[in-house]
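The values are calculated or read from the model by the stated rules, or taken from the named source; none is laboratory data. This one's a predicted model, so the numbers in the text were calculated from it and none came from an experiment. Cβ placement follows ideal geometry from the backbone for every residue including glycine, while neighbour counts extend to all protein chains displayed.
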Amino acid sequence: MLTDPRICDISIIIPTLNEAACISRTVAGLVEQPGVEVIVADGGSSDHTPALAAAAGARVLSVPAGRGSQQNAGARVAHGRVLLFLHADTLLPEGFAAQIRAALARPGIVAGAFRFAIGAKGWRFRLLERGANWRAGWLGLPYGDQALFLPAARFQSLGGFKEIALLEDLELVLRLRKAGRLALLEASALTSARRWQRLGFARTTIVNQMILLGFFCGLSHERLARWYGGNRGDKGGFLGKQKMVQILIMDKGKEKSGTFAQVRRSKGAGH
């Protein structure tokens, strides 16, 4: 069901790439909500993602791949006063629209997100959820898998997402924090456990944290994306984790001018 632009209040934008396994379920739970439109910005899926999304009731765009650029493309055609950016494997809670409206009506709130929950059993997942929700609540750092939302006017004033290789959600959140507070809602957005199930819990968690460390150390997004992609393909284990640390250290040295290695080389040239 496509929402009349004249009465659209919230636009939900879902970037996709080969999400046929989950997109129907995600869209189906959203399109019947009054005042809500669903836009799927597909980055060139080779499966049936676009057709399934359209059949479920979403408006589908075909755009160049890249999560930041896909989400920006969706935002450009959105009619809602509020934009919500949703991962294809994440489900919103019941009553999400009313909760969003109430949160954005609070003084000083510039954006918000839902609490983080993973659709799998086990104490390790509960511990991960607790850490993510502490980070989002106390540090004001929710990530994209928590369904970030904000007024469309503010998104436009910030220039949208930076079209970078990865961590476009974190980069936007850091800019939003300078403008005001981010609300963390009591209800949870339920994310699939497929990342952890595919690569292993410890491996996925370590890779994610190392990428964040590289980001805050100033590594370029392109280098982090190459590193992330390369490490997703190896066999993991202790040696794989050592390799991640070694690559991070070496890349950090390459990224900055005047590193210890460069100083040594320059000294050697002078003798």
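I'd like the full set of residues that are more than 11 Å from residue 146 (Cβ to Cβ), in contact with a strand residue (DSSP E or B) (Cβ under 9 Å, 6 or more places away or on another chain) and aliphatic (A, V, I, L, M), limited to the range 188-209. Correct list: 193 only.
When residues of the range 157-201 are filtered for being of a type in the set (D, E, K, R), more than 14 Å from residue 111 (Cβ to Cβ) and in a strand (DSSP E or B), how many remain?
1
No other residue among 122, 137 is within 15 Å of residue 186 (Cβ to Cβ), modelled with pLDDT under 95 and surrounded by fewer than 18 Cβ atoms within 10 Å (Cβ to Cβ) apart from 137. Name the residue, out of 141, 213, that is part of a loop (DSSP other than H, G, I, E, B) and not polar (S, T, N, Q). One residue alone meets the criteria, 141. Going through the range 109-144 one residue at a time, which ones are closer than 16 Å to residue 194 by Cβ, under 16 Å from the mean Cα position of the chain (by Cα) and of a type in the set (Gly, Ala, Ser)? Of everything in the range 109-144, those that are closer than 16 Å to residue 194 by Cβ, under 16 Å from the mean Cα position of the chain (by Cα) and of a type in the set (Gly, Ala, Ser) turn out to be 117, 144. Looking at the range 87-108, which of its residues are over 20 Å from the mean Cα position of the chain (by Cα) and assigned to a strand (DSSP E or B)? Hits for the range 87-108: nothing passes.
The residues of the range 103-134 that are of a type in the set (Val, Ile, Thr) and under 20 Å from residue 174 (Cβ atoms), listed by number, are 109, 110.
Every residue in the range 143-172 that is at pLDDT below 95 and not acidic (Asp, Glu), please. Answer for the range 143-172, where residues must be at pLDDT below 95 and not acidic (Asp, Glu): 143, 144, 162, 164, 165, 166, 167, 170.
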